[in-house]
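Have a look at the structure below, then the notes.
Nothing in this text is a laboratory measurement; each read-out follows from the coordinates by a stated rule. Everything numeric in this text was worked out from a predicted model, so none of it was measured. When we count neighbours, we look across all protein chains shown, and the Cβ atoms used for this are built from the backbone with ideal geometry, even at glycine.
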Amino acid sequence: MSSPAVPEFDGKAFVSGLSTAPGVYRMYAADGSLLYVGKAGALKRRVASYFSNTPKSPRIHSMVAQIARMEVTVTRTEAEALLLENQLIKSLSPRYNVSLRDDKSYPYVLLTREEWPRLAFHRGPRAVPGRYFGPYASASAVRETMNLMHKLFRLRSCEDSVFRNRSRPCLQYQIGRCSAPCVDLVAADDYAESVRRASLFLEGRSDELGKELSAAMEKAGQALEFEEAARLRDLLAQLRGMQARQYVDGHAANLDVIACEMQGSHACVLLLAFRDGRNLGTRAFFPRTNGEDSAEEVLAAFVSQYYAEQPAPPEIVLDRAIPDADLIELALAEGAGRKVVLKSSVRGERAGYLELARRNAKVALASEMASRNAQQLRSDALRELLGLEEAPSRVECFDISHTLGEATVASCVVFDPAGPVRNQYRRYNISGIEPGDDYAAMRQAIERRFRRAMEAEAGVAPPGANSVLPDVLLIDGGAGQLAQAREVLADLGVENVLLVGVAKGEQRRAGDETLVFPDGREVRPGAASPALQFIQQVRDEAHRFAITGHRGRRQKARTSSRLEDIPGIGPRRRAALLKHFGGLGGLKAAGEEEIARVEGINAALATRIYATLHGLPVPGTDSQQD
């Protein structure tokens, strides 16, 4: 029985009720899916253009034919409309919008906010208190900057667990890259001054920093403080000598250069960034064009979406003029709190940078297209090997990692036809099982992942990335692990997911893997099989992701001092104990009487410390040794 026909959307009637105010419009299909999100300086005029008799591109014509309903949101200004459009595109992923797909988070330099601030490389959520400088175009640019910072300002880079437990300076102090605050070899005021100067440098105010150092050097010389004057002289010489500056029109470059290259509907946008005369490197982006073949439209979408999350520099040089440039300039200026200029017609040094960006964009797109073609061939081969009607649109793989049962972690990685979808990777810390029981670990991880999916389908949990079921589920292991997964999926009522176990060969050599199916079939495709190469890629990524999580969990458990868990032991007493005994090893070798001799430690507290470090029952508690 055919489904009832959906009434055709009357676009002209809808337009008649719209105002001329700025705002955002949304187009929906009959099944409720979002087709497109757009902004408008005048809603009535912009939406009416879709339903006029003027010629339209095949993409727009197909989109308009699917409209079942539309919604609008009126905003106060065009800039607000642009910001809202970007937010909706990012959160809702409309079918026909160009969207910036970037699975990697941006790298930053982090200067922590604590008594002795630490300078560190940071990627991911900004959960650590402190100042974040960036974003940088590449991880190598961050590391180059940090290398320079450690030489200039000698700030610590060690983790807090290492910093708190040191009893003598490390190698970084010996080679002149740290002032050793861990063992009080630098005064707090001097270290704070180094932190302030490092902040000036990272803020792009190195000229101001140079003038300040020069004035301080002269003042020290006049006060006959020759050692301090010599130190400042060397620091100033390093600062001026190490800055590999790029100049534009005689001024330190502070701009982004962006070029867009397209092949059909595939696009590469390349960003070349300069801040305070320092080249922060290049970064290639491959946005989802969703059928859009206009480089101008793709570039406009990139600029508005990228700078909605990242601070815009005063000048952005583009390799072509883009639609709504004035509106985008206005929105970026509001976000940055200062004027931002978009330029597409440039000469001199800017033209040279633009040509460099164009060449790199062409090379990056050619490499990406070759990779995509190879990925598509492997995906098609997987379809044939598994007997599927269509190439799988979503493949997931689970793996388990532990060391003799310690700190067990399960990983789940996701691949689609374009490759890994890293923002949907998941890790599961496994607990409540016998150490080393891989079957129980696999069962727990799969149950946690698919229970959420079924709860979302039933409407008792909000939908999300975990609510989407894979077409193929790979299990790193043989028949035993596969059986655990099959039982869990059957118990939860999960259907239409093809389970495949990936068992290693006898010599654990790549290419000798055996694919195990729930019906007992076993297939050995061989090393030359493109399908097995795809499976190996997914399996290896799951293995890497699991090992990374396991190592992090294990390291955290091993480096966190057991002193932190003892009531009555705060930072000062912990530092006093470690300093007195030269580290945790010396403290563990000490008796209760020796521990009690440390200032601030009484006999009762010494007993608790000794018992905790040696796994003995702690007096005054109900804990028992198993």
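Assorted remarks:
- In order along the range 32-43, the phi-based Karplus estimate (6.51 cos²θ - 1.76 cosθ + 1.60, θ = phi - 60°) of 3J(HN,Hα) comes to x, 6, 7, 8, 7, 10, x, 10, 8, x, 9, 4 Hz; Gly and Pro are listed as x.
- With K and R counted +1 and D and E -1, the other residues having a Cβ less than 15 Å from that of Lys12 yield a net charge of +2.
- Stokes-Einstein D in µm²/s, Kirkwood radius over Cα pairs - the range 570-613 at 4 °C with 1.567 mPa s viscosity: 129 µm²/s
- Whole-Hz ³J(HN,Hα) from phi, Karplus 6.51 cos²θ - 1.76 cosθ + 1.60, for the range 289-300, glycine and proline x: 8, 6, x, 6, 10, 9, 5, 5, 5, 5, 5, 4
- Fewest-first sequence of Glu334, Glu292 by Cβ atoms within 10 Å of each Cβ: Glu334, Glu292
- Note that the range 436-447 has calculated 3J(HN,Hα) couplings of x, 7, 5, 4, 5, 5, 5, 4, 5, 5, 5, 5 Hz, one per residue in order, obtained from phi through the Karplus relation 6.51 cos²θ - 1.76 cosθ + 1.60 (θ = phi - 60°); glycine and proline are x.
- Compactness of the range 395-557 was expressed as the Cα radius of gyration divided by 2.2 N^0.38 Å, which yields 1.01.
- Across the chain, the relative contact order, built from alpha-carbon pairs under 8 Å that are at least six residues apart, equals 9 percent.
- Neighbour-count ranking [beta-carbon atoms within 10 angstrom, fewest first] of Ser19, Ser93: Ser19, Ser93
- Nonlocal amide H pairs with Arg118, under 5 Å, H built at 1.01 Å: Thr112
- Sequence-separation-based contact order of the range 395-557, relative, with Cα cut under 8 Å and 6+ spacing, percent: 25 percent
- The range 11-92 - Rg (one decimal) and Dmax (whole number), Cα, Å: 12.3, 33
- As a rough footprinting exposure proxy, the listed residues Phe9, Phe201, Phe415 were ranked by other beta carbons within 10 Å of their own, and the order from fewest upward is Phe9, Phe201, Phe415.
- The calculated pair-distance distribution of the chain uses every alpha carbon pair, bins of 20 angstrom beginning at 0, and gives 14, 37, 37, 11, 1 percent.
- Those GluC sites (Glu not before Pro) in the range 109-186 that DSSP places in a loop and that have at most 12 other beta carbons within 10 Å: Glu114, Glu115
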